[in-house]
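A short write-up of the structure that comes next.
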Amino acid sequence: MTHSIVSKTIMCRLVVLLSAYFMAQFDFFVVNVAAPSFERSLRAGPVALELIVGGYAFAYASGMITAGRLGDMLGHRRMFIAGVLAFTVASLLCGLAQNPAELVTARLLQGLAGAMMVPQVLGTITATFPARDRPRAIAWFGVTGGVASVSGQVFGGWLVGADVLGLGWRAIFLVNVPVGLLAAVAARRVLEHRAARPGAPRARLDLPGAAGVTASLALVLVPLALGRTTGWPAWTWACLGCGLAAAGLTGYWQRTLRQRGGQPVLETTLFRLPAYAAGTAAGVAFLAYFASFMFTLTLMLQGGFGLSPFRAGLAFAPMGVAFSITALLGRPLAARYGQRVVGAGCAIAAAGLTLFTVHPGVALVIVAAGMVGAGNGLVLPQLMGTALTQVRSAQAGVGAGMLTTAQQFAGSAGVTLIGTVFFSVLGTGDYAGAARATAIIYLALIALVAALVALIAVRVREAPEPAAVHRDRPAHPAAQRSRVPAQAGDPQRRHHRSAINE
């Protein structure tokens, strides 16, 4: 009976956490189908459209590491509730915008609010969930992200096409308001509040480091978002150069602060953990492919085949269904077969992408997208679990923030760089050629993901357990005997994860 009550409590907490993550991912993709409506209704030009779409992405990415560290310092519950309320207000402002400038500003605020709440989702799971529940929770995190991404295309297309209550495109933002309010109220009731340990030193935020990280990411992401539309003028290259310089100075400051015994905003010691380092790299390659694939597929369906936003959204439905099914099946399969499940997912996605290299019609595109979705469902949740398995509870927020920042940065860069290839080949309307060119890039990225996952299997098996993980206790004999890659749901690793995370 007690175990049943605990499980129900954990499930309630997970639903609340994932509802916020769903909103953040949904709003990352939903604007793709509404872009023509912004152009007609608000008379938004190309630069404004890029900022409406990309502004959210770079605000989201640039604030996530700092928010993750603040969650570790102030409490994940407090930061989560504040982020959800801020996201709700920003969504309301988006829905009420009367001109492009107002919508761009509201989208920037929405991205920053998303950065406040999303690291707390993984941080809360890693820091407060019992060890036996973490693999399933992280798997559901991956499922939610993929489903939200596809739902942004499907449900967003329906909202725009149906003109719900005469709101038009505004409905895609206003739908967040009741969801956000309910999530904030529920979070206050069900999420666990953890007070600081008695006698623990008071942590201080590394303000120069936080400012440096945010500035570095913004200086790189802004020109990436606007460069293609504006023709890569001199200021975009200057921003990129300044961004790289700022990143170098920030890295130097982080090393200096750590040597002085301070607490830098970047927890670079996490990259000494084989699973975290290789898992983050695999996630970067995967998100660069996934985000740009969703972008170019939307362009192909609406521009190449002339589908309305609603019909283009429906074309994504098989992909979403396939993703959901395989993502739910992935955890028990991974528990039995390990990282081979990720390799199988990469192979299925590659088979679907190969279909884009032939001359595709609408039906073939939908079939191919369904295959890609099925493969992605086996890959994405397992990547999230693998990367965070060795992260200690005290570093959960910043670890999640660094991971999700890297992935969002990769998504934004992928959309820009691979989108540039797509438009370059597209020329005067060669959508089939553009699809073939980008499919080749996607296949290379999927192969890289598979190679990195194989590297995780080798490195985690061979490498000695990092001191950063077990600095407070000796390694358990079972951990010494088992060097299989940490895998979400793997029963052979549960005791080892408990020693790491609890």
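Residue 232 fails exactly one of the following numbered conditions: (1) crowded, with 20+ Cβ neighbours inside 10 Å; (2) within 26 Å of residue 415 (Cβ to Cβ); (3) modelled with pLDDT of 75 or more. What is the number of that condition?
The failed condition is (1).
Test residue 432 against the stated conditions and say whether it is open to solvent by less than 30 Å² (accessible area, probe 1.4 Å), over 24 Å from residue 342 (Cβ atoms) and not polar (S, T, N, Q).
yes
State yes or no: is residue 394 at pLDDT 80 or above and either surrounded by fewer than 24 Cβ atoms within 10 Å (Cβ to Cβ) or part of a helix (DSSP H, G or I) (or both)?
no
Can you tell me which residues in the stretch 66-88 are within 26 Å of residue 53 (Cβ to Cβ) and open to solvent by 30 Å² or more (accessible area, probe 1.4 Å)?
Answer for the stretch 66-88, where residues must be within 26 Å of residue 53 (Cβ to Cβ) and open to solvent by 30 Å² or more (accessible area, probe 1.4 Å): 82, 85, 86.
Tell me which residues, restricted to the stretch 297-325, are in contact (Cβ under 8 Å) with a residue 40 or more places away in the chain, open to solvent by 40 Å² or more (accessible area, probe 1.4 Å) and not in a helix (DSSP H, G or I).
The answer is 305, 308.
Which one of these does residue 132 not meet: (1) in a helix (DSSP H, G or I); (2) surrounded by fewer than 23 Cβ atoms within 10 Å (Cβ to Cβ)?
Failed condition: (1).
Out of 91, 41, report the one residue that is open to solvent by 10 Å² or more (accessible area, probe 1.4 Å), under 24 Å from residue 178 (Cβ atoms), of a type in the set (Gly, Ala, Ser) and in contact (Cβ under 8 Å) with a residue 12 or more places away in the chain. Walk me through it before giving the result.
Details: 91 fails: open to solvent by 10 Å² or more (accessible area, probe 1.4 Å).
Answer to the selection: 41.
Among what's in the stretch 352-366 and is over 15 Å from residue 445 (Cβ atoms) and assigned to a helix (DSSP H, G or I), pick the residue that is most open to solvent (accessible area, probe 1.4 Å).
363
In the stretch 49-68, what count of residues is obtained for those that are under 14 Å from residue 224 (Cα atoms) and small (Gly, Ala, Ser)?
Looking only at that region, the number is 6.
Would the stretch 80-101 turn up any residue that is under 21 Å from residue 45 (Cα atoms) and polar (S, T, N, Q)?
To start, the set of residues in the stretch 80-101 that are under 21 Å from residue 45 (Cα atoms) comprises 93-101.
With polar (S, T, N, Q) added as a condition, the list becomes 98-99.
The answer is yes, given that some residue of the stretch 80-101 is under 21 Å from residue 45 (Cα atoms) and polar (S, T, N, Q).
Among (1) at pLDDT 85 or above; (2) open to solvent by less than 10 Å² (accessible area, probe 1.4 Å), there is one condition residue 109 misses while meeting the rest; what is its number?
Result: residue 109 passes all but (2).
The values are calculated or read from the model by the stated rules, or taken from the named source; none is laboratory data. Being a predicted model, the structure only gives us computed values, none of them experimental. Cβ: placed from backbone, ideal geometry, glycine included. Neighbour counts: every protein chain shown. These area figures cover heavy atoms from the full protein model, side chains too; ligands, DNA and RNA do not enter into them. Shrake-Rupley method; radii C 1.70, N 1.55, O 1.52, S 1.80 Å.
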